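The values are calculated or read from the model by the stated rules, or taken from the named source; none is laboratory data. It should be emphasised that the depicted structure is a prediction, and the values quoted were computed from it without experimental measurement. With ideal geometry, Cβ positions are generated from the backbone for all residues, glycine too; neighbour counts draw on all protein chains shown.
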Amino acid sequence: MPRLMRQPSRRLLLLLTIFFAALVTTGASNTGSRFNDLGHKMVCTCGCNQILLECNHVGCPNSSGMIDELRGQLGSGANDTSILNAFAAKYGPTVLAAPIRGGFDNAAWIVPFVVFLLAIGGTALLIRKWRGRHLITPEGIPVTLPGTDHDSMRERIRRETEF
């Protein structure tokens, strides 16, 4: 019985060791992953319209300075939102690849979906209205609409088309 008791504790110890090793490993690259994440959330301001860390503009006057500034702010311990806000304040809101969630910027996330749904609804209503205009009848059955006189219309067409 003591042998059976030891095996679950060894397994538990092994699982806890793996868990803590993974936790320590992810914490070690935290600055690198934050740098990568933040660098991909910003656009280079040189006019190439590329992501900051992927700017391949030869002789770019802005990307190296912005990357150094990003490293400096990460080294100072600022959080991600304050870093993005600082870049937006310095370079303008166009430096952000996507708007920050919150405040008026929520409109940039919500409005496209609302417009898309309204366009689908409007198109469905338009199709329904168009389908209601056409009178579908079985072949061979003449359609007589109330208030129309086909004989007088045919006579008028004959008179107007004679030379």
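In summary, T25 fulfils each of the numbered conditions (1) modelled with pLDDT under 85; (2) surrounded by 10 or more Cβ atoms within 10 Å (Cβ to Cβ) with the single exception of condition (2).
Listed here are the residues, each with its yes/no results for (1) of a type outside the set (A, V, I, L, M, F, W, C); (2) modelled with pLDDT of 80 or more.
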| residue | (1), (2) |
| --- | --- |
| N85 | yes, yes |
| A97 | no, yes |
| R101 | yes, no |
| I127 | no, yes |
| G132 | yes, no |
| P146 | yes, no |
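The condition of being surrounded by 10 or more Cβ atoms within 10 Å (Cβ to Cβ), at pLDDT 85 or above and part of a helix (DSSP H, G or I) holds for only one of G32, G39, that being G39.
When I18, I51 are checked against the criterion of being modelled with pLDDT of 70 or more and out of contact with any strand residue (DSSP E or B) (no Cβ under 9 Å at 6 or more places or on another chain), a single residue qualifies: I18.
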